[in-house]
Amino acid sequence: MALDSDPSGAGTRGRRGGRPLSAAPLLLVEGLVKNFRGLRAVDGVSFSVAAGEVVALIGPNGAGKTTVFNMIAGVFEPDEGRIEMEGASLVGLRPDQVCRTGIGRTFQLVKPFGNISVEENVLIGALRWTHDVDQARRRAREVLELLGLADKRRQMARGLTLPDRKCLEVARALATGPKLLLLDEVMAGLRPAETDRMVETFRRLNRETGLTIVLIEHVMRAVMALSQRVVVINTGKPVCEGAPEEVVRDPRVLECYLGQEKL
Ligand SMILES: Nc1ncnc2c1ncn2[C@@H]1O[C@H](COP(=O)(O)OP(=O)(O)OP(=O)(O)O)[C@@H](O)[C@H]1O
């Protein structure tokens with residue numbers, strides 16, 4: 001797998017086994033708070049992610065997960081707390097500036113540009129990674145190949161099925177050359193076989209390129225198969241964190257999902 005976060009080719013390739021190389025976190029989130037008028041949507045969330053890790057952020061509906069992503073990605077500024085990428089603060093940066101620090105993200109509601117081709121959608125992402133159009137096109141094609149969309153590259157994006165639109169959303173984010181990929185419910189609505197295929201793609205990316213991944217996911221099949229660590233939040237507050245198999249047995253986690261079908 002040739003994908004690299006650095007257009008010069010000297011990036012993060014070479015890490016093996018998806019394990020962090022150093023103890024210093026790639027991403028640090030500490031004491032995050034976000035209020036929307038009277039609602040405290042996020043209330044003291046802290047976690048860190050080492051380079052090469054795959055971490056899942058889970059919690060019931062409305063727990064504040066997407067709001068945490070939106071603060072990391074520069075959509076909302078936190079009311080309190082720190083967000084650092086490789087030791088540098090992200091607070092106050094615009095989404096495009098956050099992207100340039102090496103953070104790519106997908107959106108829960110996938111909204112590709114419908115009237116341009118699949119490849120052009122990915123090219124837009126790749127042009128954030130490099131201004132060299134030929135290099136960007138090569139990267140776009142590599143990413144499309146990786147995600148199984150190569151044979152659909154000339155199709156208009158609006159004609160894609162939901163699983164293909166999800167893949168395109170991931171492709172656009174990957175094309176920006178992230179060191180850290182934030183995935184917001186990319187498995188929702190996929191059949192088990194499609195979920196397994198996507199999980200395998202992310203496992204390979206993590207293993208072979210050292211890509212660090214934080215995923216918000218309700219599909220526990222994917223969380224269990226992909227993540228090395230799980231952070232649980234509920235009503236904006238931290239509940240616990242740990243290995244996936246420990247977290248799913250934790251009474252505090254089971255309690256916060258009571259009344260919900262998921263988990
Ligand atoms: N822009 C906003 N304005 C007002 N309230 C908001 C806004 N964004 C989120 N909220 C509220 O903040 C709370 C947390 O929402 P958020 O989308 O972060 O939860 P979530 O854990 O991602 O949920 P889900 O799993 O259902 O996607 C919810 O009560 C939501 O209604």
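The values are calculated or read from the model by the stated rules, or taken from the named source; none is laboratory data. It should be emphasised that the depicted structure is a prediction, and the values quoted were computed from it without experimental measurement. All Cβ positions, glycine included, derive from the backbone under ideal geometry; neighbour counts span all protein chains shown. Just so you know, the surface numbers come from the protein's heavy atoms only, side chains and all, with ligands and any DNA or RNA stripped out. Shrake-Rupley method; radii C 1.70, N 1.55, O 1.52, S 1.80 Å.
Numbers at a glance
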{"read-out": "Long-range HN-HN contacts of L26 with modeled amide H, under 5 Å", "value": "V49, A50, A51"}
{"read-out": "Probe 1.4 Å, accessible area per residue of the chain, Å²", "value": "46"}
{"read-out": "Sorted peptide list for 136-142, 161-167, criterion being average Cβ within 10 angstrom, highest first", "value": "136-142, 161-167"}
{"read-out": "Helix axis angle, 192-209 relative to the chain longest principal axis, alpha carbon, degrees", "value": "80"}
{"read-out": "Cα centroid separation, segment 209-263 to segment 59-84 (Å)", "value": "17"}
{"read-out": "GNM flexibility winner over the chain from G64, G236, G81 (Cα, springs under 10 Å)", "value": "G81"}
{"read-out": "GNM top mover of G87, G210, G31 - the chain, alpha-carbon springs below 10 Å", "value": "G87"}
{"read-out": "Rounded if a/c under 1.5, otherwise prolate or oblate - segment 111-177, Cα gyration tensor axes", "value": "prolate"}
{"read-out": "When each of K34/K166; K65/K237; K34/K237; K65/K179 is checked by Cα-Cα distance, pairs over 22 Å", "value": "K34/K166"}
{"read-out": "Residue-level accessible surface for T130, protein heavy atoms, 1.4 Å, Å²", "value": "10"}
{"read-out": "Residue with peak Gaussian network fluctuation, the chain [Cα springs, cutoff 10 Å], from A73, A88, A157", "value": "A88"}
{"read-out": "Unit charges on C-beta of K, R, D, E only; dipole of segment 111-177, Debye", "value": "180"}
{"read-out": "Between 0 and 90°, nearest 10: helix 118-129 axis offset from the chain longest Cα axis", "value": "70"}
{"read-out": "Sequence-distant aspartates and glutamates (8 or more away, or on other chains) whose Cα lies within less than 16 Å of K152", "value": "E119, E120, E142, D164, E169"}
{"read-out": "Carbon/sulfur fraction of accessible area - segment 111-177, other protein chains in place, 1.4 Å, %", "value": "49"}
{"read-out": "Other-chain or far-sequence residues with amide H under 5 Å of C240's (modelled H)", "value": "V232"}
{"read-out": "Long-range amide H partners of D79 with built H, under 5 Å", "value": "V33, K34, N35"}
{"read-out": "Nearest 10 degrees, 0 to 90: helix 162-175 Cα axis against the chain principal axis", "value": "80"}
{"read-out": "Options V247, G31, V170, ranked by Cα towards positive dipole end of the chain, top entry (Cβ charges)", "value": "V170"}
